[in-house]
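Have a look at the structure below, then the notes.
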Amino acid sequence: MKKNAQLMPMISVDSVERARTFYVETLGFNHIMGMLGKDGNLDFCTVVLDGAKIMLTRPREKTEGIGPSASKRPVGIYFEVEDVKAFHDQVKKRGGRITDPITDQWWGDRTFKIMDPYGYEIWFYQTVGEPVPPQGAKLV
């Protein structure tokens, strides 16, 4: 039997502990595994929410752009949740800074966005309807 394909983004950060705290305490992910480096800090950890995983990792070699950032990174994460409104309310209650409010998108998803401390924009979504393209747009 063929198993469904999985995708796990690997996000390089300067402090796995800081990123892990955000994903666990603010977004409600669960820590499932990590490994300490020789310096006693996490080299990497994997967090999961509803079966979807993200690996937070400290690069072994000098890497630019791994520190905290208020600027948006060029890669975003589009993350499906069962009930986007309930999840939005939980994130807000935990102190998460919503960067885009709940919005029904033309492609049929209800979304909201949050930015992690490293500038990665995370879209949380729930499909609520069929796509209705903007006037004059052509889907291919």
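The values are calculated or read from the model by the stated rules, or taken from the named source; none is laboratory data. In this text, all values refer to a predicted model and were calculated from it rather than measured experimentally. Cβ placement follows ideal geometry from the backbone for every residue including glycine, while neighbour counts extend to all protein chains displayed.
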(request) Determine if the stretch 82-90 includes at least one residue that is more than 12 Å from the chain's Cα centre (by Cα), aliphatic (A, V, I, L, M) and modelled with pLDDT under 95. (result) no
(request) Name every residue in the stretch 4-37 that is touching a residue at least 40 places away in the same chain (Cβ under 8 Å), in a strand (DSSP E or B) and surrounded by 15 or more Cβ atoms within 10 Å (Cβ to Cβ), in order of residue number. (result) Ile11, Ser12
(request) May I ask you to list the residues in the stretch 1-38 that are of a type in the set (Asp, Glu) and at pLDDT below 95? (result) Asp14
(message) Kindly evaluate Gly40 against the criterion of being assigned by TED's automatic domain parsing to the domain that holds Pro9, in a loop (DSSP other than H, G, I, E, B) and on the phi > 0 side of the Ramachandran plot.
(response) yes
(message) Cβ-Cβ distance below 6 Å, separation of 6 or more or different chains: which pairs start in the stretch 106-131 with a residue that is modelled with pLDDT under 95 and surrounded by 20 or more Cβ atoms within 10 Å (Cβ to Cβ) and end on one that is of a type in the set (A, V, I, L, M, F, W, C) and part of a loop (DSSP other than H, G, I, E, B)?
(response) Tyr118/Val13
(request) Scan the stretch 60-75 and report the pairs whose first residue is in contact (Cβ under 8 Å) with a residue 24 or more places away in the chain and whose second residue is charged (D, E, K, R), with Cβ atoms within less than 6 Å and a gap of 6+ or a chain change. (result) Ile66/Asp14; Gly67/Asp14; Lys72/Glu121
(message) Need the failing condition index for Ala52 against (1) assigned by TED's automatic domain parsing to the domain that holds Asn4; (2) of a type in the set (A, V, I, L, M, F, W, C); (3) farther than 30 Å from Glu130 by Cβ, just the number.
(response) (3)
